[in-house]
Each structure stands twice: as structure tokens, then as C-alpha cells.
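Worksheet: the structure to be examined is printed underneath.
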Amino acid sequence: LWVGTLLVGIATSLPEVTVNVSAVWLEQNPSLALGNVFGANMINVFVIAVVALVFGVTNLFGNQGRDTELLILTGLGLVALALAFGAFGDIKVLGPTSVGGLLIGALYVYGMRQVYLAGRAAPGENGGDEPKGSARNAWIGFLVSAAVVIVAGRFLASSADAIAEASGISASFIGVLLVSIVTTLPEGSVTVAASLRRSYGIAMGNVYGSCAFNVTIIFIADFFHTRGPLLREMQAAHFAAALAAFGLMGMGYLVFKACQSRRFAPFRALAPAIPFVYVGALYAVYVLGQA
């Protein structure tokens, strides 16, 4: 889970980092960046739900420990924090940083620390077939892939901005749907590949680790947004996407609890409902974005 959370989760979120920084810094389009953050979290949970339905809900959510629960709760806390500062306002502090951004960064570091400690206390709970091979080759592949993503992310942001302008569709919806689908392709492919290897800890860590890190990108993007705190740019469509992300992640948490305790067993039925909630949330974001 820790490898999936930190290394794989951050690696597969590199598209979101480059797209969001490009969106706020080069394209001056914070709506696109915020839409991508919350839209990526929405589709991540959609992906894990579909994978769970294919490979077995119990297989994916069942053999998990306290570290997985802390990871999901950290992601939920980060989305809630972003929602709160978006709704009640954020202020710049210490130069380019903001209060909301700093608290998001601090909560991410604290949450990851707790996940690590919980995993150390109960090793082997969410194992599986671990990847084997040359560490040197793995790091070379990682760095080459990261370089490609950094270059491609710049063009993805500008292309999405041009699509929003040419089509008349709001940048927030383009970020939630189009850009999020593209930038979460790494999460989707890694989740499927890990599940095929029965490395369910890596699959869960990748999805929920990416969800947590995606929100933390707000802290990073704040340094490049010169017109005030990024969270102050949140519009109705962004709030809808953030609430949907929180709701979908919460449904995933209840499915996780249902696989851990008989008291929560009825919530296992939420797994097949997640894809439908995702589609409904997309429609709500589209309507609010066009209003």
C-alpha cells in the first residue's frame, strides 16, 4: 500500500501536476486546474469501483488494513478542507502561498506519515505479488516517463483551454471531464495491471494516494497563481465536482468498511452504484458550468 500510495500514486498524478501548473501559470485558467483536481478524484473512484466489480469487491477492498483506512480518510479530509476554504475564502500568506494551501500541504504530509506508521505496525496485510526486476531499470523508466509527462502536460493544458474557448463549454467542465479522463489514464492502467497481479494494496494505494495528492496539487499550483489564492477561484461547478468527489470517496470508504465488518455489510451494495453516481455528478457539473 505504501508503494502504491507514495511512489505510484505521485507518479501517476504527474499529469495533473503539469497540467494544473500550466493552466494557472501559462494559460491563466484556474477553472481548468480546479476542475481537473476534483474531476480526477471523481474518475479515480469510478475506476476503482469498476475494477472492484470486475475482480471482486471483497478481493480489492477486503484484504486491507488500518493504513488503507487512514489513507481514504486523509483523502476525504483534504477534499473537505479544500471545500471549506473555497466556500469561506482563503488568504495569501508568506508570499505566494495561502492559508488553505499550507494547511492542505500539512495535512497531506501528516496523513502520509500516519499511513506509513500504520503499515509498519501491521506489515503484510495488503500484499500480493510484488513486482520484481532491476531497480535501476525501474528508475530509468520512471524518470523518462516523468519527462514525457512534463512536456506533454504543457500542451494538454493549452489544447484543453483552446477546446473550451472554441466549443463554448465551460473550462470547469472541460477540466472535470476531458482533462481528467486523460490525466487519470495512468491511474486506470496501473490499477488494472496491479489487480491482474493480485497486488490489491498497490491498486488501492494508487487510487486513494492519487486522490490525496491531487488535492495537494492546489498547494503546489498556488505558487504559480499570481492573482490570489487558487481556492478563491472556485465556482459553482467546482463546488459540485468537489462535493461529488467527496461523496464518491465516501461511498468507497463505506464499501471498504463493509468488507471489514459485518455491521457495515449492507453498504457493499454501494459499489455498483458508484458509476451511476459519477455520471449523474458529471451532468450536474455540466449544467452548473453552463449557467
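The values are calculated or read from the model by the stated rules, or taken from the named source; none is laboratory data. Values in this document were obtained by computation on a predicted structure and should not be read as measured data. No Cβ is skipped: glycine too gets one built from the backbone with ideal geometry, and neighbour counts run over all protein chains shown. Each accessible area value is taken on the protein alone, full model and side chains, heavy atoms only, with ligands, DNA and RNA left out. Shrake-Rupley method; radii C 1.70, N 1.55, O 1.52, S 1.80 Å.
Within the shell defined by Cβ-Cβ distances under 10 Å, the residues around Phe61 carry a net charge of +2, with Lys and Arg each +1 and Asp and Glu each -1. P(r) for the chain, from all Cα pairs and a bin width of 10 Å, is 7, 30, 37, 21, 5, 0 %, short bins first.
Against the chain, whose longest principal axis comes from its Cα atoms, helix 185-196 is set at around 0 degrees.
Can you list residues whose amide H is under 5 Å from Ser98's amide H, if they're 5+ apart or on another chain and H is modeled 1.01 Å from N? Residues meeting the criterion, in which the H sits 1.01 Å from N, are Val93. With r defined as the distance between the Cβ atoms of Ala269 and Val192 and R0 fixed at 22 Å, what FRET efficiency is calculated, to the nearest 0.05? The computed FRET efficiency comes out at 0.40.
Each peptide in 222-233, 74-85 gets a packing score, the mean of other Cβ atoms within 10 Å over its residues, and the list from highest to lowest is 74-85, 222-233.
Accessible surface area normalised per residue over the stretch 16-86 is 25 Å², counting heavy atoms of protein chains with a 1.4 Å rolling probe. Taking the accessible area of the stretch 251-291, probe 1.4 Å, and keeping the other protein chains in place, the carbon and sulfur fraction comes to 68%. Excluding Lys257 itself, calculate the net charge of residues whose Cβ lies under 14 Å from the Cβ of Lys257, where each Lys or Arg counts +1 and each Asp or Glu counts -1. Result for the neighbourhood of Lys257: +3. Computed with every protein chain present, the accessible area of Lys92 is close to 70 Å² [probe 1.4 Å]. An oblate overall shape is assigned to the stretch 229-290, the ratio a/c of its alpha-carbon gyration tensor axes (a ≥ b ≥ c) being 1.5 or greater and a/b not exceeding b/c. Estimated from helices alone, the mean residue ellipticity of the chain at 222 nm is -24000 deg cm²/dmol (sum of -39500 (n - 2.57) over DSSP H runs with n ≥ 4, per residue). Computed from backbone phi with θ = phi - 60° and the Karplus coefficients 6.51, -1.76 and 1.60, the 3J(HN,Hα) list for the stretch 36-41 is 5, 4, 6, x, 5, 5 Hz; x is used for glycine and proline.
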